[in-house]
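**Student:** First the structure, which I've put down as structure tokens, then a few questions once you've had a look.
The values are calculated or read from the model by the stated rules, or taken from the named source; none is laboratory data. Predicted model, so just to flag it, every value in this text is computed and none were measured. To get the accessible areas, we keep the full protein, side chains included, count just its heavy atoms, and leave off ligands, DNA and RNA. Shrake-Rupley method; radii C 1.70, N 1.55, O 1.52, S 1.80 Å.
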Amino acid sequence: MRETRFVKLSAFVAIADCGSFTKASAQLGITTGSLSHTMRELEESLGVRLLNRTTRSVAPTEAGQRLLTRLRPLFDGVDRSRPCVA
């Protein structure tokens, strides 16, 4: 269960960073449809919309921005602790 939440939260961070479902899905190595489904599940489980979606862009809502503020330091720490692969 925790791994699932981590995957959903990391997908949210990737979308926010990329500003696009297409770019984030390429970065994560999953389909855009799968990523969209993951975000829908996360938003439903939290009971709040995290992203404003238009045909041209994606941007965090106010609630999404607050969540990003809390997640970024955590994900930065995870990235630093991950061993390099040669």
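**Student:** How much length, in nm to one decimal, is gained on full extension between residue 8 and residue 56, taken as 0.36 nm per residue of separation minus their Cα-Cα distance?
**Tutor:** 15.0 nm
**Student:** Continuing with this model, one more query. Normalised by the number of residues in the chain, what is the relative contact order in percent for Cα pairs under 8 Å and 6+ residues apart?
**Tutor:** Reported as a whole number, the value is 25 percent.
**Student:** Averaged per residue, what accessible surface does the chain expose to a 1.4 Å probe, in Å²?
**Tutor:** That works out to 70 Å² for each residue.
**Student:** Let me ask another. Can you pull the percent of the stretch 1-77's accessible area that's carbon plus sulfur, 1.4 Å probe, other chains left in place?
**Tutor:** Accessible surface attributable to carbon and sulfur in the stretch 1-77 totals 53 percent.
**Student:** Work out Dmax and Rg for the chain from the C-alpha atoms and quote the Rg first, both in angstrom.
**Tutor:** Rg, Dmax (Cα atoms, Å): 12.8, 41.
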